[in-house]
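The values are calculated or read from the model by the stated rules, or taken from the named source; none is laboratory data. Everything quoted here is computed from the prediction, not taken from an experiment. Cβ atoms come from the backbone with ideal geometry, glycine included; neighbour counts cover every protein chain shown. Protein only, heavy atoms only, side chains kept; ligands, DNA and RNA dropped before computing areas. Shrake-Rupley method; radii C 1.70, N 1.55, O 1.52, S 1.80 Å.
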Amino acid sequence: MAKIMVSAGEVSGDMHAAAVLKEVKNKIKQTEIFGMGSTALLDLGAEILIDPTAISTIGYLEAFKNIGQHFKNLKQMRQLLKKRQPDLVFLVDYSAFNMRLAKSCSQLGIPAVNYFPPSAWVYNRRRADKMAAYGTNIAAVFPMERDVYQAAGADVTFVGHPLLDLVKVQASSSELRAELKLSKVRKVIALFPGSRHSEVESLLPEMIKAAARLHKDYQTEFVLAAAAGITDQFLAKFLDKIDFDLPVLRGSNYKIMKAADLLLIASGTTSLEAAILNTPHLLGYHSAFTTYLLAKYIFKVKFVGLPNIIMQKEIIPELLQNDFTAAKIYRQVADWLENPVKLQQLKSELAVVRKKLGGGGAVKKTAELLIDKGGLRNG
């Protein structure tokens with residue numbers, strides 16, 4: 001019986017961990033999976049002893065609100081590691097927590113693979129040095145991630161980004177517009193204001209103000225892509241008084257992205273998904289002021305959008321904090337609408353971003369890495 005201990009602390013990490021471990025179970029029939037995660041791992045049949053997703057946060061200082069519980073979870077995972085002695089530990093994202101767990105794995109001589117490792121390529125490269133010193137195997141999803149961990153002396157395998165296998169839409173843009181009941185002739189702009197209430201509250205009002213003006217001046221059509229946790233009741237306070245048509249669609253994000261000419265989005269994975277689908281977009285971000293100051297002046301984060309970080313230049317316009325205003329959104333979108341060549345140049349840059357993410361198959365490659373490093377065998 002192969003034994004894998006998993007440590008995934010956020011919803012996205014839980015999803016990525018489950019996808020890889022499902023592939024492992026397909027290859028190694030008798031595999032016991034236990035540790036920390038959430039619903040996707042539970043659905044896979046994993047024994048989940050800690051589900052920390054309810055206390056996951058965005059931002060540096062925000063995380064301190066639940067620091068006591070995080071350390072309790074870490075203590076429990078360390079005890080579990082010693083008691084159950086797994087063949088391998090699979091660390092997925094959740095960087096501050098999993099770095100400490102990686103150290104414990106090193107001390108006990110238990111191999112560990114880190115998928116979505118600490119973002120040392122953004123700031124604090126010493127984290128890559130630490131993970132290398134712990135002997136943690138790095139499953140790199142970004143090219144700059146591969147490079148910084150290799151420079152630190154870590155054992156690195158470039159698996160590419162799993163979104164390449166997930167973000168696929170076979171239908172054409174015209175077919176999708178017919179399916180989604182969108183205009184065949186007008187420019188269509190989709191709003192993606194985020195999956196958290198705080199994001200929607202800070203970004204959607206400015207998106208709507210800009211949309212109203214763009215609709216009036218350029219006869220553009222708009223659609224709002226609502227995340228699963230954002231109810232119609234919550235959206236009503238933003239939509240009740242608008243004087244143009246703004247349909248709310250759910251569960252069709254990739255179709256909307258491909259059907260639209262442009263996107264206005266909250267910073268996050270959505271930007272990478274849009275890049276993979278080659279759809280131009282403008283990115284907005286608004287965090288707690290203390291988090292913004294730490295990122296900009298202490299950690300010296302240059303960009304927040306993943307396409308920009310990958311390209312090491314701003315190809316996607318970023319409107320951060322108080323710069324995310326209806327006036328600035330309007331100016332940028334109007335410039336695109338009046339200069340189609342600029343949109344085509346952006347699409348060319350996005351195609352390079354996609355190429356840099358690897359050739360696909362990240363889930364299978366990571367599963368093979370786990371099997372190899374854990375010495376997992378059938379029988």
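Just to confirm a number: summing +1 for Lys and Arg and -1 for Asp and Glu over residues other than Phe234 whose beta-carbon lies under 15 angstrom from that of Phe234, what do you get?
-1
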Using the heavy atoms of the protein chains alone and a 1.4 angstrom probe, what is the accessible area of segment 16-166 per residue in square angstrom? 43 Å²
Stretch Gln219-Arg377 to full length: gain in nm at 0.36 nm per residue minus the Cα-Cα span? 50.8 nm
Is the C-alpha gyration tensor of segment 153-198 telling us rounded, prolate or oblate? Criteria: a/c under 1.5 is rounded; beyond that, a/b larger than b/c is prolate, otherwise oblate. oblate
Alpha carbon centre of segment 224-264 versus segment 178-217: separation in Å? 7 Å
When ligands, DNA and RNA are left out and all protein chains stay put, how many square angstrom of accessible area per residue does segment 184-234 have with a 1.4 Å probe? 48 Å²
Surface share of carbon and sulfur [accessible, 1.4 angstrom probe, percent] for the chain: 50 percent
In deg cm²/dmol, rounded to 500, what helix-only [θ] at 222 nm does the chain give when every DSSP H run of at least 4 residues adds -39500 (n - 2.57) and the total is split over its residues? -14500 deg cm²/dmol
Residue by residue through segment 146-156, what is 3J(HN,Hα) from phi via Karplus (6.51 cos²θ - 1.76 cosθ + 1.60, θ = phi - 60°)? Round to whole Hz and write x for glycine and proline. 4, 5, 6, 6, 5, 4, 7, x, 7, 7, 10
For segment 322-339, take each phi angle, set θ = phi - 60°, evaluate the Karplus expression 6.51 cos²θ - 1.76 cosθ + 1.60, and give the result in whole Hz per residue in order, putting x for glycine and proline. 6, 7, 7, 10, 4, 5, 6, 4, 4, 4, 5, 5, 4, 4, 5, 5, 8, 10
In nanometres, what is the gap between the two model label sites at Gln79 and Ala171, each 7 Å from Cα along Cα-to-Cβ? 5.2 nm
Based on the alpha-carbon gyration tensor of segment 118-265 and its eigenvalue square roots a ≥ b ≥ c, which shape applies: rounded if a/c is under 1.5, prolate if not and a/b is larger than b/c, or oblate? prolate
Show me, for segment 360-376, the HN-Hα J-couplings you get by feeding each phi into the Karplus relation (A = 6.51, B = -1.76, C = 1.60, θ = phi - 60°), rounded to Hz, glycine and proline as x. x, x, 4, 5, 5, 5, 5, 4, 5, 5, 4, 4, 5, 6, x, x, 7
Excluding Lys3 itself, calculate the net charge of residues whose Cβ lies under 10 Å from the Cβ of Lys3, where each Lys or Arg counts +1 and each Asp or Glu counts -1. -1
How much FRET efficiency would the formula 1/(1 + (r/R0)^6) give for Lys302 and Arg196, where r is the Cβ-Cβ distance and R0 is 35 Å, rounded to 0.05? 0.90
Multiply the residue separation of Glu32 and Thr231 by 0.36 nm, subtract the distance between their alpha-carbon atoms, and state the gained length in nm to one decimal. 67.9 nm
Can you tell me the FRET efficiency between Lys241 and Arg186 if r is taken as the Cβ-Cβ distance and R0 is 30 Å, rounded to the nearest 0.05? 0.85
Cα centroid of segment 104-127 to Cα centroid of segment 26-55, whole Å: 21 Å
Counting only protein heavy atoms and leaving out ligands, DNA and RNA, the solvent-accessible surface of Glu23 at a 1.4 Å probe, in Å² to the nearest 10, equals 40 Å²
Between Leu343 and Arg250, what is the label-to-label distance in nm when each label sits 7 Å out along the Cα-to-Cβ direction? 3.0 nm
Net charge (Lys, Arg +1; Asp, Glu -1) of residues whose beta-carbon lies under 15 Å from that of Asp147, Asp147 excluded, is +1
Lys313-Ile67 FRET efficiency (beta carbon distance; Förster radius 45 Å; 0.05 resolution): 0.80
